[in-house]
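Shown next, in structure tokens, is the structure this report addresses.
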Amino acid sequence: MLGAPNIRMATKRTPEMEEYLELLVRYKEAEKQPKVTMLGKDLKLSAASVSEMLQKLKKKGFVDYEKYGEIKLTKKGEKIGNEILRKHRFIERFLMRIGVKKNKAHKEACALEHVLSDDVEDALRKAMHSAGAPDIEGKHIKRLVDLKKGQKGRIMLVSGGREVCRRLTDMGLTPGTKIMLSRASTKLGAIEVCIRSSCLAIGRGLAEKILVKVD
Amino acid sequence: MKLRIALAGNANVGKSSLFNYLTDLHQHVGNWPGKTVEKIEGVLDFKGVKMNIVDLPGIYSLSTFSLEELISRDYISKEKPDVVINVVDASVLERNLFFSLQLLELGAPVVIALNMVDAAREKGMGVNAKKLSALLGVPVIPIVATTGDGVGKLMRAVINTSKKKQKPSSISYQKQMEADVSQVKKEIKGLKMDYPSRWIAIKLLEDDGNVLELVKEQRPKAIEKIQKIRKGMEKRCGQKGSVAVSSERYSAAERIALECITLRDVKVPLRQKLDALLLHKYVGYVFLLAVAGIVFFSIFSVGDILSGYLMESLEGAKALARTSAGEGVLQEILVGGVLEGVLAGIAIALPYLIPFYILLAILEDSGYLARMAFLMDAIMHKIGLHGKAFIPIILAYGCNVPGCVGCKILETQRARLLTAFIVTLVPCAAVSVVIMGLVATYVGLEWALFLYALNLAVILILGRIGCKALPGEPVGLIMEMPSYKVPMPKNIFMQAWRELHSFVFMAFPIIIGATFLIKIIEVMGWLSPISDALSPITVGWLGLPAIVGITLIFGILRKELALIMLAALLGTGVFSEVLTPVQMITFAIVTMFYVPCAATIAVLNKEHGWKVAVGISAFEIVFAIVLAGIVSRILSTYFFLA
């Protein structure tokens, strides 16, 4: 049996360290270059305590970091960060699925991610699937912006604030609607989709807020 | 009695074509009371029945996302036009019906004009108008607005509907949603509202802030219960209220559309081939640059010819007026001030504006304008705007005035304001005259290029700051990509005429007023006291000769006047004899930024109100002086060392 607390024993890491690694993985996903000031801002800590923690993480072999230099996750560090992030997202979804509000679910997930063991996570995941909930992490769910040219699917989720949702749904991007990407984005550019027998141009920022289940 | 008719529908459905067909030259442009959105009205006499027609803005929904949506919603529900003609594009039926369903919910007496049936047929689609009419419970008349096919029949249906005065029944949704609607209806029973109760109930389920406030005013107690019903619905659907209701409405639209679309034999339309080229990630940009270049070039070549011709013929008129008015201070002010002002307006602004309005209308009507916005989206994001903002900005390099007018293609007030601000920073042709005539000629071309680069940097930095400083979120691009169309000359000229008409009425009084004021200052001999008063800034901070104060005042009228006056007052056109290189560069920087010209201020005032016009002008005066002073100090050391 390999539960999270057991792994932690083996590598002697604290929940704070896990928070750091999780955040570094999030930066990596967003293609942001991590900086001490960024970490300090997101964790609400001073630059001094951030660099102190980074030194500790370096000692453990989780990050490569020289003072004032680049902060880089090691393979080991990234693996742990990924695990924690996966657990965080799963817990958040699970809780929201059973009616917990988003904010509350996020806070709970921040605490629970450090104690949830892999096998209990698996069991909960199976229970959620048999209840018919979609697995957002699965291969077939993509952000609209990540679709390839000509790929078709159905809109799963439109996230974002009230105004954004309003505008997107007013233009016909409602959940369950068939959609096809007719023109893919260049690095930062807009995309074009076919939906409801017409064509829409959508800016990259908005297209990132739409999740699509690929056919 | 006149029938009051409103035209409503999505953008790009041929609403303007129908409006132009119906009203011809009997049109009137104004603003919606207290708003900066244009109100276009016209009159029609159809077989003895007089009608007053209002062309509502092209919108996709009746929520309150944009000013246009709010205006349309208020007009339909409060002014209660006798008939609302809902123009619908037959080839994009589903999206269009989403809007039609909202009109029906609003209880408007709707007649549907099923437009572009010819284009739909070409696409391999037919729409069964009879069936659509039966499903919606309102008359549906197929028309082709550009040729006028079916318009007579449409107007007969309009007159019939106006006589009946019966409210249409709205489409019912799925059972559970209907149950929620009637529950909310119970809560708001007996309230006095401009809107039908079913519509209010639906908007409350959508969590529409505006409607929520209205109900709160009259019955604060009901709010809690209503929120509870909404939350119940949200939980059931697993979506936010607005998304749940829109989904429901769209699925109703889809259902109706599927029942009415008769044949479907989809062909690969021309647009796909064109788009493959025009939206290509490299070729597309080459084409875009070419189009921008052509537009630019033709505005200026046509503008130059027109301007020169007009100047010449107006000079004659001026001389004639002068001799007939005689000598004297009052004559000097009246003739000089008023004539110079009219001259500035007619001979400077109009020649560039007329080709601009025509070309803009062609680009818009053909569908290429939307493609330009698509291509430029990524770049415009850098300054917190989206693709559509590219169009006014590129036009501003010719003249800031059309640039400012062009800001109205953006959706939100915030984006319009930010774009207008950036537009006023762009060096127009007149500023280029100063840069080229002074800096490039006497200091060196590399310094002229340096000034353009400096300008670009300022635009990027101030754009970013403006984006952060303005309240509200930047909105992303979302727009329908219209089909390509051959532009209709009639539509283009009508649109250009309307724009020109409103410019003349708005800007001319201000241009004339400004000229008048400067003339008074000149005649009264206040010019040198003013330049003395300005000398701490011009001489002390900027290190320029004191007379520059006078030239800068004239530059407000037309920026190239600053240079012309400078030559006149210095007594030589060879600026290197009287000015150092640093002084010339400093002078050019001040001219580039210091204040939008009178015509631009006039348009800012028209589009955004006087507060914005004054605010932008004041900011730019301070900014230009501070920047030019700093650059002058840095350059002094540089030239001293060199």
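Since every read-out is calculated from the coordinates, none of them should be taken as a lab result. Since this is a predicted model, take the numbers as computed values, not measurements. Note that we place each Cβ from the backbone using ideal geometry, even for glycine, and neighbour counts take in every protein chain shown.
Put the Cα centre of region A:59-78 next to the Cα centre of region B:393-414 and the gap is 49 Å. Applying Stokes-Einstein at 37 °C and 0.692 mPa s to the Kirkwood radius of chain B, computed over alpha-carbon pairs, gives a translational diffusion coefficient of 119 µm² s⁻¹. Within a straight-line Cα-Cα reach of under 25 Å, B:Lys47 can be paired with the following lysines, leaving aside sequence neighbours fewer than 8 residues apart in one chain: B:Lys2, B:Lys15, B:Lys80, B:Lys153, B:Lys163, B:Lys164, B:Lys165, B:Lys490.
Each principal axis of the Cα cloud of region B:1-88 was taken in turn, and the coordinate range along them, longest first, works out to 39, 25, 21 Å. Spin-label pair B:Val614-B:Asp118: with each label point 7 Å from Cα along the Cα-Cβ axis, the two points sit 5.3 nm from one another.
Across q = 0.18, 0.23, 0.28 Å⁻¹, region A:26-68 modelled as identical point scatterers on its alpha-carbon atoms has Debye log10 I(q)/I(0) values of -0.52, -0.83, -1.09, in the order of the q list.
Note: relative contact order over chain A, using C-alpha pairs below 8 Å and six or more positions apart, is 17 percent. Each of B:Gly308, B:Ser242, B:Ala325 was scored by the projection of its Cα onto the charge dipole of region B:206-341, and the greatest displacement toward the positive side belongs to B:Ser242; charges sit on the C-beta of Lys, Arg, Asp and Glu.
Maximal additional length on extending the A:Ala48-A:Asp215 stretch stands at 55.2 nm, based on 0.36 nm per residue less the C-alpha distance.
Sort A:47-53, B:565-571 by packing, meaning the average of other beta carbons within 10 Å per residue, with the highest value first. Don't skip to the end; give the middle numbers.
On the way: A:47-53: 15.1, B:565-571: 17.1.
Top to bottom by mean Cβ count within 10 Å: B:565-571, A:47-53.
Scanning residues 5 or more positions from B:Leu3 or on other chains, those with amide H under 5 Å from its amide H are B:Lys50, B:Met51, B:Asn52, with H placed 1.01 Å from N in the peptide plane. Computed from label points 7 Å out along Cα-Cβ, the spacing between B:Lys468 and B:Val574 is 4.9 nm.
If you wrap the tightest convex hull around every Cα atom of region A:1-133 and split its volume per residue, you get 108 Å³. All other residues whose Cβ lies under 15 angstrom from that of B:Gly48 are scored, Lys and Arg at +1 and Asp and Glu at -1, for a net of +4.
Grab the DSSP H runs of chain B that are 4 residues or longer, score each as -39,500 (n - 2.57), total them, divide by all residues and round the 222 nm result to the nearest 500 deg cm²/dmol. Value at 222 nm, helices only: -20000 deg cm²/dmol. At q = 0.15, 0.18, 0.22, 0.24 Å⁻¹, what base-10 log of I(q)/I(0) does the Debye formula yield for region B:449-532 when every alpha carbon is treated as an equal point scatterer in vacuo? Evaluating at q = 0.15, 0.18, 0.22, 0.24 Å⁻¹ gives log10 I(q)/I(0) of -1.09, -1.00, -0.94, -0.98. With the gyration tensor restricted to C-alpha atoms of region B:24-168, the semi-axes of the equivalent ellipsoid amount to 23, 19, 16 Å, longest first.
Cross-linked pairs A:Lys102/B:Lys240; B:Lys189/B:Lys225; A:Lys35/A:Lys102: Cα-Cα separations exceed 19 Å for A:Lys35/A:Lys102. Here's how it looks for B:His28: its modeled amide H is under 5 Å from those of B:Glu41, B:Gly42, which are all 5 or more places away or on a different chain. Within the protein assembly as shown, the proportion of C-alpha pairs whose separation exceeds 44 Å stands at 42%.
Extension gain, B:Ala290-B:Glu327: 0.36 nm per intervening residue step, less the Cα-Cα distance, totals 8.0 nm.
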